[in-house]
Amino acid sequence: MSRDTRATANQSVFERTYRTLTLGIVAIITVMAFEAMGVVTAMPIAVRELDGLVWYAWAFTAFSVTSLYAMVVAGEWADRLGPMRPLVAGASLFALGLFVAGLAKTMPQFLAGRAIQGLGFGATIVAIYVVIGRCYPESIRPRMFTALSGAWVIPGILGPAVAGWITDNVGWRWVFLAVLLLMVPISAVLVPRLMRFRLPGDPDHQVIAGRKRRALLAAAGTGMLQYAAQRHDRWGLLVLVVAVVLLAVSVPHLLPAGTLRLRRGLPTVVAERGVMAGAFFAAEAFVPLMLVSQRHLAAGQAGAAISGAALGWFGGSYVQGRPRYDGNRLRLVQAAAWLVALGIALTTLVVLPGVPAAVSLLTWGLGGFGMGIIYASLGVLMLEYSSPQEQGVNSSSLQVADSLGVIAMTGLVGAVYAIAQSSGGATDRTFIVIFVVTTVVAVFGAIIAPRLDLGGAAPGHAA
């Protein structure tokens with residue numbers, strides 16, 4: 001290793017050259033993370049007060065659908081005009097969505113606020129990936145992804161508890177408005193400084209024909225897929241068929257060519273993100289429910305497992321950011337995928353009455369540790385395999401795969417749970433089936449991980 005290479009490897013993302021940019025990105029992500037963690041706590045009270053319990057799931061669906069569309073649009077926008085504009089626009093839309101949701105008087109107004117938040121989040125996260133690719137040397141990008149993971153730790157631990165206290169003592173509206181009050185000064189101070197980083201795009205960048213239209217179809221398909229998962233009648237089946245058709249004609253055009261065939265390199269990087277996100281987050285959605293309904297823990301105690309995953313996630317991200325792993329990143333991802341599968345499988349044991357419920361803190365922390373390695377490493381590989389002119393499109397593809405994987409897997413295991421409920425109630429066996437299914441998907445992710453290697457092929461590009 002040359003002296004210059006060693007010097008670059010020893011750089012910090014918080015040194016003078018990058019400090020303002022790093023602090024700005026971390027601050028924005030931290031605020032969004034607090035909202036993401038707090039909204040789960042406040043949502044039941046909010047929809048009940050707005051007389052919208054029947055629309056409860058749509059408060060999350062509206063966010064997911066619009067964020068998916070924004071990811072695609074922001075990716076092309078970043079490639080053509082540079083990432084700072086979509087970053088500022090995304091943060092502004094997110095703040096507007098907080099304002100609308102916090103002051104909503106009716107359920108439709110509240111859903112509109114959540115939809116606007118989704119647009120803002122989707123645009124922001126894609127723009128941040130492009131900023132990392134454009135501003136940070138390849139050798140310190142892993143550490144920047146570690147900083148992003150760190151931005152979720154405190155919100156992951158304190159967010160639900162703080163949001164619960166605010167909801168009980170001040171009112172659910174302030175879960176949204178308090179985050180807005182945090183975001184305004186952060187944006188006022190940091191946005192002008194961030195805009196000083198002139199990151200031009202490529203005015204001659206060719207916008208892929210029909211990509212935005214297909215993004216609309218994919219967003220509609222995901223919304224219908226979630227709706228179908230909530231119904232178990234003929235109408236739900238019809239909606240499911242339409243959703244599958246919309247996704248089939250749109251999704252392949254939003255991902256790198258060869259993603260569904262697991263072509264080596266970038267296509268498998270994107271596919272791996274969707275597979276592992278789907279396995280982990282679908283299982284995580286049922287970990288607290290299992291602890292409350294089957295092990296009879298209080299909600300706060302059940303939430304400790306999620307906090308353990310947040311700490312594990314940061315630990316995994318920190319590990320992958322060490323320079324010693326730069327040359328072994330592909331093997332690191334494969335090992336991490338096996339850790340995630342093991343974490344989910346061991347969590348299955350917690351369903352059994354003879355196993356202490358506190359074991360879930362360790363098992364789910366293990367899964368979070370693996371995911372921390374995977375998320376950061378796949379982000380690093382995506383940027384490494386992308387030309388500067390394709391970082392926006394490929395970043396959006398990575399996020400789209402993430403969203404689709406989570407929606408599809410959560411819908412699948414959610415259907416398992418719903419069938420059990422309609423057949424007399426969920427039992428220990430129901431949760432065992434859910435965790436076994438998600439374990440199998442995680443194992444599949446570990447099996448395909450070797451295909452992350454280019455294998456002598458040229459870097460992939462978006463279809």
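Okay, here's what the table says:
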item	result
Entirely in the stretch 358-463, the helices (runs of 4 or more DSSP H) that have 2 or more residues that are touching a His at 6+ places or on another chain (Cβ under 9 Å)	391-422
Unique residue being among the hydrophobic types (A, V, I, L, M, F, W, C), assigned by TED's automatic domain parsing to the domain that holds Val47, touching a helix residue (DSSP H, G or I) at 6+ places or on another chain (Cβ under 8 Å) and outside any helix (DSSP H, G or I) when the list is Ala104, Ala112, Ala127, Ala123	Ala104
Residue list for the stretch 278-302, filter: of a type in the set (Gly, Ala, Ser) and surrounded by 24 or more Cβ atoms within 10 Å (Cβ to Cβ)	Gly278, Ala279, Ala282, Ala283
The stretch 301-320 residues that are without any contact (Cβ under 8 Å) to a residue 24 or more places away in the chain, paired with ones that are part of a helix (DSSP H, G or I) (beta carbon under 7 Å, 6 or more apart)	Ala302/Pro288; Ala302/Leu291; Ala302/Val292
Yes/no for Ala426 being farther than 24 Å from Arg143 by Cα, touching a Phe, Trp or Tyr at 6+ places or on another chain (Cβ under 7 Å), small (Gly, Ala, Ser) and not assigned by TED's automatic domain parsing to the domain that holds Gly122	yes
Single match in Ala62, Ala95 (criterion: closer than 24 Å to Val170 by Cα and part of a helix (DSSP H, G or I))	Ala95
In the stretch 70-97, the residues that are surrounded by fewer than 23 Cβ atoms within 10 Å (Cβ to Cβ), of a type outside the set (D, E, K, R) and under 18 Å from Leu254 (Cβ atoms)	Val73
One residue from Ala341, Ala376, Ala401 being within 22 Å of the chain's Cα centre (by Cα) and at pLDDT 95 or above	Ala341
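The values are calculated or read from the model by the stated rules, or taken from the named source; none is laboratory data. Not measured: the values here are computed from a predicted model. FYI the Cβ positions are ideal-geometry reconstructions off the backbone, even for glycines, and counts take in every protein chain you see.
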